[in-house]
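The values are calculated or read from the model by the stated rules, or taken from the named source; none is laboratory data. All of these numbers come straight from a predicted model, not from anything done at the bench. So basically every Cβ, Gly included, is an ideal-geometry build from the backbone, and we count neighbours across all protein chains shown.
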Amino acid sequence: MFIHSTFFALLLFISLQAEAVKLSDGISYEHIETEQPLSIHILRINPKKCEIQAIRAWNYGIGSEPLRSMAQRTAAIAAINGGFFRLTGQPAGILKIKHRYIQVAKKNRGAICWSLDQSPLFDRISTTITAKIGKHPFTISAFNDPTTSHDIALYNSALQSTLSPPRTQECLIQNHVISQTSTQGDMATEKDSWVLSFNEEITLPKNYHLGSPTKIKISLYPELEPIRQRKWEQARYIVGGCPLLIHKRQRCFDPHTEKISIPTFYTDRHPRTAIGIQENGQWVCVVVDGRNPKKSIGMTLEELSTFMESLQCIHALNLDGGGSSTMVIHNEVVNWPVDEQGDPTQRYERPISDGIVFLQKNKRK
């Protein structure tokens, strides 16, 4: 693998001299094409001159939206696709936007977080959610997940309601107390509130009644740098990926740790999207086209790690790939997305759950 990776890096080296196109103050774009063939799109972002946001489809509920649409409604200069998601549009990994969790980490997997200083952290993140009604503590088994049955689930206003079936026992928590209870199911959420949802077969906690003091705690556990836990929990944005490719200049791709059960996901060449940061603080975003033997064959995760290293990334994370891999610049898709069963001669933009957008920094700030 070392010989193959070294050869791959040398193969790309000449193309790395491609001239960057300035998109705005602080954002540049490069398009690399090699004989292999590979078509690679690179964004370089100066976080001191741009605003970086995570964004989700339509800004509410569960669903999917083309990245180009997301970029248009946020007036983004550029954008890339974000994390993995289910067919329903529900994020498959952790996602936090403007301090509100859309989803939490269901497995110990790679993620990136940042706040207003836009100095990101990279790590593998796991999550626990605990609640306490009165003096009775218990563990939450699901978060913002109306598609499957759970013993005890927690919801916030990222969803309009719990979509739970009749006879589900639910309570609305506002200002740290139970303000409403119901057994009708599908309880509506409200801003700055929580809804606890108990399967009808679950014995309700003691002190479950109106006015009971209630605490909710979402805890994040960074595996590689536990000392950063507080920063992760206070982060304004978190986007999950899989796997973490590079951490502190060291390759850390580990399919077993991140519980990747499909070997071809990392051994085969696919379209890829990755995000990284250089030592000087510059962000680097990469989209690799694939599934098109005449234009671009894609990369394995080892090759993607090598390429991010060649861009001097000290941290890097793989984001959703395949037909989701998309880069938008000035409201136009610049790469060539191809769905798994699609025609490689036809560009197909798959609607996605979330993305990362790069905006002109507000001069009033």
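Of the residues making up the stretch 190-209, those that are surrounded by 16 or more Cβ atoms within 10 Å (Cβ to Cβ) and either over 19 Å from residue 176 (Cβ atoms) or modelled with pLDDT of 85 or more (or both) are 190, 193, 194, 195, 196, 197, 198, 199, 208.
The single condition from (1) in a strand (DSSP E or B); (2) of a type outside the set (A, V, I, L, M, F, W, C); (3) on the phi > 0 side of the Ramachandran plot that residue 110 fails is (3). Residues in the stretch 184-208 that are in contact (Cβ under 8 Å) with a residue 60 or more places away in the chain and not in a strand (DSSP E or B): 205, 206, 207, 208. Report whether or not residue 181 is in contact with a Gly (Cβ under 9 Å, 6 or more places away or on another chain), in a strand (DSSP E or B) and on the phi < 0 side of the Ramachandran plot. Here the answer is no, as residue 181 does not meet what is asked. Filtering the stretch 298-325 to residues that are part of a helix (DSSP H, G or I) and within 15 Å of residue 85 (Cβ to Cβ) leaves 322, 323, 324. In the stretch 138-148, the residue that is farthest from residue 107 (Cα to Cα) out of those that are in contact with a strand residue (DSSP E or B) (Cβ under 6 Å, 6 or more places away or on another chain), without any contact (Cβ under 8 Å) to a residue 24 or more places away in the chain and not aliphatic (A, V, I, L, M) is 139. Going through (1) part of a strand (DSSP E or B); (2) within 13 Å of residue 353 (Cβ to Cβ) one by one, residue 89 falls short only on (1).
Annotation note: Cβ proximity below 9 Å between a residue of the stretch 62-88 that is within 21 Å of residue 111 (Cα to Cα) and a residue that is in a helix (DSSP H, G or I) and polar (S, T, N, Q) (sequence gap 6+ or interchain) occurs for 67/324; 81/324; 82/324; 84/324; 85/324. When residue 320 is tested against the conditions (1) surrounded by fewer than 24 Cβ atoms within 10 Å (Cβ to Cβ); (2) under 30 Å from residue 158 (Cα atoms); (3) charged (D, E, K, R), the lone failure is (1). Among the residues of the stretch 149-170, those that are out of contact with any strand residue (DSSP E or B) (no Cβ under 8 Å at 6 or more places or on another chain) and either in a strand (DSSP E or B) or more than 19 Å from residue 218 (Cα to Cα) (or both) comprise 149, 163, 165, 166, 167. Does residue 249 satisfy the criteria of being free of Cβ contacts under 8 Å to residues at least 60 places away in the same chain, over 20 Å from the mean Cα position of the chain (by Cα) and surrounded by fewer than 24 Cβ atoms within 10 Å (Cβ to Cβ)? Considered against the rule, which asks whether it is free of Cβ contacts under 8 Å to residues at least 60 places away in the same chain, over 20 Å from the mean Cα position of the chain (by Cα) and surrounded by fewer than 24 Cβ atoms within 10 Å (Cβ to Cβ), residue 249 comes out as no. Just give me the residues in the stretch 329-351 being assigned to a strand (DSSP E or B) and over 30 Å from residue 249 (Cβ atoms), in sequence order. Passing the criteria: 332, 333.
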